Amino acid sequence: MSEEETTPLMRQYREIKRGYPESILLFRVGDFYEMFYEDAQEASRLLSIALTSRDKSSPDPVPLCGVPYHAAQGYIARLLKAGRTVALCEQVEDPKAAKGLVRREVVRLYTPGTLVDTEFLDPAESSFLAAVARVPRRASGGATHMGLAALDVTTGDFWLMEWEGDEQQVADELARLQPRELLHSESDTVVTQSLSQLQGTRLCARDQAWFDHEEASRVLQSHFGVHSLEGFGCHDATAGLGAAGAVWRYFRETQPTASPAHVRRLLRRKRGDAMHLDGATIRNLELVRSLGEEPSGRNTTLFSVLDRTTTAMGSRLLRDWLLRPLTDCHAIDARLDGVDELKERISERVAIRAALRTVQDIARLSTRVTLDVAGPRELLALKHSLGALPAVRQQLECFRSTLLVERRDQWDDCRDLYDLIEQAIDPDAPLSIRDGGIIRSGYRPGIDELRKAHMEGKGWIAALEVKERERTGIDSLKIRYNQVFGYYIEVTKTNLSKVPSDFIRKQTLVNAERFMTAGLKELEERVTGAETKLLALEEETFVQVRQRIAQEGVRLQVMAQSLALIDVLAGLAETAALQRYVRPAIDESGVLRIKNGRHPVVEQLAIDRTFVPNDTVLDQDNSRLIILTGPNMAGKSTYLRQVALIVLLAQIGSFVPAAEAQVGLVDRIFTRVGASDNLAAGRSTFM
């Protein structure tokens, strides 16, 4: 079909679709999102919805399928799960006010790494958009620079790394990160080959110009409102900054209407700050994912055994700690001090955990507020969460450990934000701002007046119905409403002989006729006018409240971080108390001494038998090596991994399953032996 032969609507569709050739375009037409051509054919298959056509009388009909706009989120989720991206095209002007074709624009591009919708996200996992960049060795000498940057759009966490070395180090960092999407240069075949084995991540090739570090520096300086990135420690980065620039450009291009105000800083991570864990180690130690499915449905990861957090924020932070154990004694001891004090102060720990159970995901809620996508129920959830802050603060009063004291001294109850939501938002507000009934009575006089007029208007309509029944003698006469005709009088055909001459016929049905009168028309204008104004004023007021809260996004994010830290420390203390864990001694001695050590996961799963504790002694002088022998199924792999997990637990700041433990700092854990074991299921490599 030629461009001249298509309708104005289809020409508009084609023009917009050209900008999003890789995505399925959901094109808003009235109350539906419609898809055409190849998009319709693929979507009908993926979504199991009917494929029809536009202009069926045409010799070349256009394939068409559609979904209701109010149910779109569920369909979008299914398309994303099928590996597709989705471009959402909205009507950006009122169809009633439009002169000719309604203007439409893509307002959002749904991609795995840029989702902020709670129904698409795992509350216990971060959701990273990442990029890798490589600055090759110059002809005159010097090393190749590798860069990695990641942004969690749901919380605003943004950081970069840079180092000299090979691509294997990129793979190791990505094993920890598990990004939802990863950007890379399409011309860098070395990096592309190293990413080919990455699973569960959508790879996005981009032109090398996307990774220019000078352009990245300029754009990021503009966003953060600074003249230099020196304050972030990133001014001398090249490959890392290039990766950060690519991440930022992708975020801005895929979310053209989103405000990035919640991204307020760029951190520079250093490789020496955390223990090195490669992909094989993370996988074989089953830190966050099991090696195999258990018939009983039991989760056999270290994370599942350790996670007694009560908030989604705490759960995500614990997961990050497990994948990035510390290598600084002072930082580890600070965490251990907090766990120790919470373990000993039982009543305060119980009270803190009880208060935290009422806290929802403040980090992601505040981001949705900042991005102008939070609805009434999310503001109520935020208020409910802020209501728990005074109780947590009160319980912190008696603590003396450094981390807890720092958080207490920086505490902010956010009482003004709580009061604002309490005063403005109706506790029974609906999900959508379009449904009305959002703003609490007494908050804005204009809304109260319109609401009264709207409610009285319904009474006026009911009174008119009674009056018309009495005037006409038609007992079954009804005044009804629909969006097409507005208000109308409906009379069954058996009573048509009683219809007065001033009734104006509007529609004929099989068993009834619909009429209008001058009096009903006048009332309709008064009632619907008040309703339209009420909805508009409520929406305007809600947006103002949301914008006011968005201005305090930094305060909310700081408190989210504090609550997550307290939650993790309290959860580790709870585990230590319940499982008889002890505090390890952390030093730089090069000594590893464990008395009556236990495997933290296997001992929980050994329901029908008792785990036998064992000792370990290693040092740099007399016991540098242990030769471990024994028959199949004797527990050699269990012992090896038990030692590794105890060291890892110690260096995240957790108590450990042992009678005593001294851990000299470890900078890396290797696991290569027994890589196919499934200890929880009682299976050995050699069987």
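The values are calculated or read from the model by the stated rules, or taken from the named source; none is laboratory data. These figures come from a predicted structure and were not determined experimentally. Heads up, the Cβs are rebuilt from the backbone with ideal geometry, glycines too, and the neighbour counts pull from every protein chain shown. Heavy atoms of the whole protein, side chains included, go into the accessibility calculation; ligands, DNA and RNA do not. Shrake-Rupley method; radii C 1.70, N 1.55, O 1.52, S 1.80 Å.
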Among residues of the range 479-495 being of a type in the set (Ser, Thr, Tyr) and touching a strand residue (DSSP E or B) at 6+ places or on another chain (Cβ under 9 Å), the residue least open to solvent (accessible area, probe 1.4 Å) is TYR488
Kindly indicate whether any position in the range 318-333 is over 30 Å from the mean Cα position of the chain (by Cα), in a helix (DSSP H, G or I) and in contact (Cβ under 8 Å) with a residue 24 or more places away in the chain. yes
Go through the range 121-230 and tell me which strands (runs of 3 or more DSSP E), entirely inside it, have 1 or more residues that are of a type in the set (Val, Ile, Thr) and either at pLDDT 95 or above or over 28 Å from the mean Cα position of the chain (by Cα) (or both). 128-135
Scan the range 621-652 for residues that are surrounded by 11 or more Cβ atoms within 10 Å (Cβ to Cβ), aliphatic (A, V, I, L, M) and under 27 Å from LEU326 (Cα atoms) and report the count. 11
Taking SER476, is it in contact with a strand residue (DSSP E or B) (Cβ under 7 Å, 6 or more places away or on another chain), in a loop (DSSP other than H, G, I, E, B) and open to solvent by 30 Å² or more (accessible area, probe 1.4 Å)? yes
Residue check: is SER228 open to solvent by 20 Å² or more (accessible area, probe 1.4 Å) and not basic (Lys, Arg)? yes
Determine whether LEU396 is part of a helix (DSSP H, G or I) and surrounded by 20 or more Cβ atoms within 10 Å (Cβ to Cβ). no
Of all the residues that make up the range 510-525, how many are farther than 15 Å from LEU477 by Cα and open to solvent by less than 90 Å² (accessible area, probe 1.4 Å)? 4
Would you confirm, using the coordinates I've provided, whether ARG505 is charged (D, E, K, R) and either out of contact with any strand residue (DSSP E or B) (no Cβ under 7 Å at 6 or more places or on another chain) or closer than 30 Å to VAL666 by Cβ (or both)? no
Note: among GLU181, GLU164, GLU215, just one is in contact with a helix residue (DSSP H, G or I) (Cβ under 9 Å, 6 or more places away or on another chain), of a type outside the set (Val, Ile, Thr) and open to solvent by 10 Å² or more (accessible area, probe 1.4 Å), namely GLU215
Restricting to the range 405-431, give me the number of residues that are small (Gly, Ala, Ser) and open to solvent by 30 Å² or more (accessible area, probe 1.4 Å). 0
